[in-house]
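One structure is given below, encoded as structure tokens.
The values are calculated or read from the model by the stated rules, or taken from the named source; none is laboratory data. Note that the coordinates shown come from a computational prediction; the quantities given were computed from them, not determined experimentally. Using ideal geometry, Cβ is built from the backbone for each residue, glycine included, and neighbour counts are taken over all protein chains shown. Remember, those area values only see protein heavy atoms, side chains included, never the ligands or the DNA or RNA. Shrake-Rupley method; radii C 1.70, N 1.55, O 1.52, S 1.80 Å.
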Amino acid sequence: MKTLVNGITIASSDQGTGLPIVFLHGFPLNRTMWAAQENALCSQFRIITIDLRGHGESDAPLWRYTLEQSADDVIALLDHLGIQRALFVGLSMGGYILFAFHRKYAARVKGLILADTKAQADTEEGRNGRFQLAQIAYKKGPSAIADVMVPKLLSPATIQTSPDLVQQVRAMIEGSQISGIAGDLMAMALRPDSVPLLSRITCPTQIIVGELDQPTPPSDAKLMAEHIPHARLAIIPNAAHLTNLEQPEAFNQIVTAFALSFEK
Ligand code: MLT
């Protein structure tokens with residue numbers, strides 16, 4: 001489905017009925033990363049996956065990339081779909097967007113699943129790294145970004161034993177446009193510290209992290225779990241940053257149990 005939102009076209013999928021669950025992908029991927037979740041969960045819930053601006057089949061304009069802008073895109077799409085309140089799942093950058101979304105639209109959030117993400121802002125070193133990566137994207141293209149990103153996203157064991165998954169992740173990155181990649185990098189570099197927000201998140205919250213996650217390690221997940229009132233924390237073994245792709249069954253079980261708790 002393609003929807004005109006805030007002056008650009010945003011692509012999304014909407015499958016199933018019941019409690020709406022909205023999935024926001026990580027950087028620099030797209031909504032196809034949620035295929036295993038969509039397939040497993042759409043018989044019980046309404047599953048909405050979105051290509052964030054700059055990715056997948058959505059437009060990748062040259063400018064206006066902030067996490068708040070992405071949150072505004074999501075709310076406009078939900079308005080279009082007639083969804084008042086939903087459960088939100090955000091992985092990594094998707095989680096950063098959920099913090100921006102919660103700041104502005106808390107009343108629309110029924111519950112949060114924060115997967116492989118963190119609340120802290122970038123360090124100076126982290127911001128410099130983003131600038132370097134944007135330069136690589138600009139000079140060498142998305143395939144060079146895939147070379148840098150794949151070892152950060154997947155565990156060494158996954159890279160060795162799951163060539164199809166590696167190829168799927170590479171294809172998502174290689175399909176991203178430079179404007180989207182550079183735009184996201186700037187948006188993430190400029191994001192505020194969300195640690196002060198954590199104690200104000202009062203909706204039910206599930207945190208998920210891969211035990212081998214390097215960009216957002218379990219220590220970051222524990223920090224969120226300590227500050228968000230009553231948050232639950234699940235650490236998935238044998239997974240790095242892309243827990244939903246590396247261990248889809250474990251990931252789906254956690255999401256299903258959490259979503260079913262809203263029906264009690
Ligand atoms: C992501 O997976 O979205 C990125 O690793 C997030 C980041 O670079 O901070």
Using θ = phi - 60° and the Karplus curve 6.51 cos²θ - 1.76 cosθ + 1.60, what whole-Hz ³J(HN,Hα) does each residue of segment 165-170 get, with Gly and Pro shown as x?
5, 4, 5, 4, 5, 4
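For LEU165 and ALA76 in one chain, what is 0.36 nm times their gap in residues minus the Cα-Cα distance, to one decimal in nm?
Numbers: separation 89, 0.36 × 89 = 32.04 nm, distance 3.22 nm.
That pair, LEU165 and ALA76, stretches by 28.8 nm at full extension.
So what's the back-of-envelope 222 nm ellipticity for the chain, counting only DSSP H runs of four-plus at -39500 (n - 2.57) apiece and dividing by all residues, rounded to 500? Walk me through the numbers before you get to the answer.
Details: 12 runs with 125 residues, N = 264.
The helix-only estimate for the chain comes to -14000 deg cm²/dmol at 222 nm.
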Can you give me the orientation-averaged projected area of the convex hull built on the Cα atoms of segment 111-174, in nm²?
5.9
In whole angstrom, note down how far apart the Cα centers of segment 141-198 and segment 24-63 are.
14
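With charges only on Cβ, +1 for K and R and -1 for D and E, what is the dipole size of the chain about its Cα centre, in debye, rounded to 20? Numbers along the way, then the final one.
Details: 22 positive and 25 negative charges, 106 e Å.
Computed charge dipole of the chain: roughly 500 debye.
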Please arrange HIS80, HIS227, HIS55 by accessible surface area, largest first, computed with a 1.4 Å probe and ligands excluded.
HIS80, HIS227, HIS55
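Applying a 10 Å radius around every beta-carbon, put 3-14, 231-242 in order of their mean neighbour count, most first. Don't jump to the answer; show the numbers that get you there.
On the way: 3-14: 17.0, 231-242: 20.0.
Order by mean packing, descending: 231-242, 3-14.
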Hey, if you put +1 on the Cβ of every Lys and Arg and -1 on every Asp and Glu Cβ in the chain, which of ALA171, ASN238, LEU260 ends up farthest toward the positive end of that dipole?
LEU260
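Nearest 20 debye, what's the magnitude of the dipole of segment 191-231 about its Cα centre given +1 on Lys and Arg Cβ and -1 on Asp and Glu Cβ?
Details: 3 positive and 5 negative charges, 38 e Å.
Using only the charged Cβ atoms, the result is roughly 180 debye.
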So which chymotrypsin sites (Phe, Trp or Tyr not before Pro) in segment 47-129 end up in coil per DSSP with only 13 or fewer other C-beta atoms within 10 Å?
TRP63
What residues qualify as long-range amide H neighbours of VAL89, i.e. H under 5 Å apart, gap of 5 or more or another chain, H built at 1.01 Å from N?
VAL22, PHE23, LEU24, ILE113
Assuming R0 = 45 Å, can you tell me the calculated FRET efficiency for the pair GLN120 and SER43, based on Cβ-Cβ distance, to the nearest 0.05?
0.75
Accessible-area value, ARG170, 1.4 Å probe, nucleic acids and ligands omitted, Å²:
50
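Provide the three semi-axes, in whole Å and in decreasing order, of the ellipsoid equivalent to segment 32-155 as defined by the square roots of 5 times the Cα gyration tensor eigenvalues.
Working: eigenvalues 143, 61, 47 Å².
Semi-axes, largest first: 27, 17, 15 Å.
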The rounded separation in angstrom of the Cα centers of segment 238-264 and segment 92-111 is 19
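Just the number, please: percent antiparallel of the DSSP beta bridges in the chain, rounded to the nearest 5.
Close to 25 percent.
Where only protein heavy atoms count, and the probe is 1.4 Å, what is the accessible area per residue for segment 166-256 in Å²? Please list the in-between numbers first.
Numbers: 3850 Å² over 91 residues.
With the other protein chains kept in place, segment 166-256 gives 42 Å² per residue.
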What value does the chain have for Rg/Rh, both radii from Cα atoms and Rh as Kirkwood defines it?
0.93
P(r) for segment 153-264, please, calculated from all Cα pair distances in 5 Å bins and given in %.
2, 11, 15, 17, 19, 18, 12, 5, 1, 0
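Tell me the relative contact order for the chain as a rounded percent, counting alpha carbon contacts under 8 Å between residues six or more apart.
Averaging sequence separation for qualifying contacts and normalising by length gives 21 percent for the chain.
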